[in-house]
Amino acid sequence: MDFLTRREALLRTIGCAAAGLIPLRGAALAAPAHEPVQGADIDRALRAKVEAKEIPGVVAMAANGERLLYEGAFGYRNMTDGARMSTDTVFRIASMVKLLTSVAALQLVEQGKLKLDEPAANIDPSLAAVEVLTGFDAKGAPQLRAAQHPVTLRQLLSHTSGFSYPLWDENVVRYRKATHHHKDLPRRPLLFEPGTGWAYGGSLDYVGRMVEIASGQDLDRYFRNHITGPLGMDDTCFSLNEKQRASEASLHVREASGRLVPQPLEKQVPQTSFSGGGGIYSTAPDYLTLLQALLNGGSLRGAEILRPATVALMGENQIGNLEAGHMKTTNPALSNDVDFFPGKRLRWGLGHMINLDPIADGRRAGSLTWAGLFNTYYWIDPTMGLAGVIMMQVLPFADGHALSAYRHFERGICRAVRQA
């Protein structure tokens, strides 16, 4: 289908303002699953968050598999210079690159170049001799043993490999301190035997490396050739050009008082290596395009990035009865404790967290989600046929005001669709 230019979309927005409608970007390919939602309530809620200085600025967008249902941009890219948010604002989306990396790996699984359940060390030899941290002796020296089972790609994609981030694991923090005195220790131990636990960590860094080895391309080029390029995600990249840099939102750090303090834009340096777990930039329209492709079973506007069966597998629970998604911070300046859905059963697929229970006034059971450190979030609800993305640039992660904006947005979209 043909999409409107942003200028045309703006003109249609003005024309629909009296009715509180957010316009479509183009005609649907088939009978639409949803009409554009009444966005006035969502607008008011997000605008109120900005006016109360609870968040500096926000871009939020939602779509079904065929069309845009809502878009809104409120507040500031930088609270000091007054640069306004717009839908083409560029954000650091951090761990939301993990979904791209997961898609890349599964493309190679479809081609037979990677295997989900064979030893990952067959591709990346650095995973051949991993060791499990079993504890610390009386002097604080780490105690390690060889893993009894090999790490697999399925475990890396579902965070059951045993790798854990120091930001949410005190044992990793303690281990890293010990490595200053014991230089011969492995850089990244496992925190448990592969497949026996869930921990959010650097697994996708290894997946990214496996993609590079199996494809013969660095991750930046692989994404452009096989995901972002075919989908037209031109603003999703590891390095910004001048135009993108001019549209970048500044990070704002929340002080203990609650005041938000804008930070200088990060320094741009030439990159020669690329992480499968973080370090990428994107915009809300770009990322929503990826979500729409997954909502459609792997295809969008003639570009197929995955087969429908593979997309379905991504949304299936891969970790059995292990609990996922609960993370206790070791550094409150970077992240709050994480439990997005208290009391709900959470699992992990091949790329997303899954809520097994429905969320009141929001997504249905079986929805898929994750986030980035600077308070960027997405969700896909296959049952309702919806996807949404909301982007802010705030630290610490899981910021209460940012999550409140996210909840208002999601519930507003879900309520409007149910009432349509």
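Figures for the structure shown
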item: Failed item in (1) open to solvent by 10 Å² or more (accessible area, probe 1.4 Å); (2) in a loop (DSSP other than H, G, I, E, B), with Arg47 passing the rest; result: (2)
item: Flag for Tyr70 being open to solvent by less than 30 Å² (accessible area, probe 1.4 Å), among the hydroxyl-bearing types (Ser, Thr, Tyr), within 24 Å of the chain's Cα centre (by Cα) and at pLDDT 50 or above; result: yes
item: Strands (runs of 3 or more DSSP E) wholly inside the stretch 339-400 that include at least 3 residues being over 29 Å from Pro36 (Cβ atoms); result: 346-348
item: Residue count, the stretch 102-142 (criterion: of a type in the set (S, T, N, Q) and closer than 19 Å to Ser203 by Cβ); result: 4
item: Selection count where residues are assigned to a loop (DSSP other than H, G, I, E, B) and touching an Asp or Glu at 6+ places or on another chain (Cβ under 9 Å), scope the stretch 68-113; result: 4
item: Residue list for the stretch 372-411, restricted to those being over 23 Å from Ser335 (Cα atoms), touching a residue at least 60 places away in the same chain (Cβ under 8 Å) and open to solvent by less than 10 Å² (accessible area, probe 1.4 Å); result: Ile380, Leu386, Ala387
item: When residues of the stretch 243-287 are limited to those that are in contact (Cβ under 8 Å) with a residue 40 or more places away in the chain and among the hydroxyl-bearing types (Ser, Thr, Tyr), the one most open to solvent (accessible area, probe 1.4 Å); result: Ser273
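The values are calculated or read from the model by the stated rules, or taken from the named source; none is laboratory data. A quick note: this is a predicted structure, and the numbers were derived from the prediction, not measured. For neighbour counting, all protein chains shown are included, and Cβ atoms are generated from backbone atoms with ideal geometry for every residue, glycine included. Accessible surface is based on the protein model in full, side chains and every heavy atom, while ligands, DNA and RNA are left aside. Shrake-Rupley method; radii C 1.70, N 1.55, O 1.52, S 1.80 Å.
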